[in-house]
Amino acid sequence: MITPTALPEYALTAAADLRAVREQWGDLLDAIEHRPAAQWPPVDNIREVLAQADEDEPSVGRIPLTLRQHPAPANLDALDAAVETERAIFTACDDVAARHQRPVRRWLVGRAAADERYGRWALDPADADDPNRWTPATEHGGTVFRPGSRRYGLHWAAVWLEARALGEQADTLFTPLGDDLLADLARIARDARRRVEQALARAGRRTDLIDPCPWCRGPLLARTVPGGEPLVACETGEPCTAPVALDRGRRMWRGADLAALWAALDERRRDA
């Protein structure tokens, strides 16, 4: 693998954006079946914030959206974003594989394998089935007959593209991507991330929660940052006695800490 210091900045940016897309992909698939929320983060409670901070693996959705049926999607914006993102990522994988993936090895087989004039060539099955390979889909007239590597879904496609952007397995199965292709990949990844986060309403939005801080009764502010990470901050500042670390002068809950915040808010509600 090429060392990070040897990689151009847009290769690292492409990898980060692809990672953000796949980390939010399960949420986008789930959003297709639910009506869009009025706003995010939610005003009345932090149930949705907690849902985004769940440490369990997301529902990745292995079957590509292009192979599914959605007779009555509740959120057309989410469906359109998912289909367009999937199409762009799959097409990028096809392009990179065609230009930078080593062809499958061939062997001479048959009774005259020692003499290529009489033997016949056959693909090396172990090399053809290498799980690191990207196998393009077989299409005709817009219809997919064999999905190839697309059968594993967008999550795997994003992982595969990220590895190519970072130069993994270069000189063995793949050749390094050139600057022009890396720049194109960075643009595709950036557009995909923006599309996903806009569909999920996670473009750095801020919302004042109705519930006050359980420890100091100060106002709570919920927000997302690029990448969709949710967090809640107490606006009281350092005097707040909540058992979480200070971040830029405020008590902040993110990740697993949000569960403790929800439990405290829920207890206050029951006491009231």
(request) Tell me which residues, restricted to the stretch 239-265, are at negative phi, open to solvent by 50 Å² or more (accessible area, probe 1.4 Å) and either modelled with pLDDT under 90 or under 31 Å from the mean Cα position of the chain (by Cα) (or both). (result) 245, 246, 250, 254, 256, 257, 259, 260, 263
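Answer with yes or no whether residue 183 is out of contact with any strand residue (DSSP E or B) (no Cβ under 9 Å at 6 or more places or on another chain), within 30 Å of residue 164 (Cβ to Cβ) and open to solvent by less than 40 Å² (accessible area, probe 1.4 Å).
Numbers: out of contact with any strand residue (DSSP E or B) (no Cβ under 9 Å at 6 or more places or on another chain): yes; within 30 Å of residue 164 (Cβ to Cβ): yes; open to solvent by less than 40 Å² (accessible area, probe 1.4 Å): no.
It is false that residue 183 is out of contact with any strand residue (DSSP E or B) (no Cβ under 9 Å at 6 or more places or on another chain), within 30 Å of residue 164 (Cβ to Cβ) and open to solvent by less than 40 Å² (accessible area, probe 1.4 Å).
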(request) Please work out which residue is modelled with the lowest pLDDT, limiting yourself to the stretch 154-174 and to residues that are closer than 12 Å to residue 133 by Cα and over 19 Å from the mean Cα position of the chain (by Cα). (result) 169
(request) Select from the stretch 186-217 the residues that are crowded, with 17+ Cβ neighbours inside 10 Å, within 15 Å of the chain's Cα centre (by Cα) and modelled with pLDDT under 90 and list them in ascending order. (result) 197, 199, 200, 202
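The values are calculated or read from the model by the stated rules, or taken from the named source; none is laboratory data. Predicted model only: the values in this text are computed from it and were never measured. Note that each Cβ is placed from the backbone with ideal geometry, even for glycine, and that neighbours are counted across all protein chains shown. We work out accessible area using only protein heavy atoms, side chains counted, and drop any ligands, DNA or RNA first. Shrake-Rupley method; radii C 1.70, N 1.55, O 1.52, S 1.80 Å.
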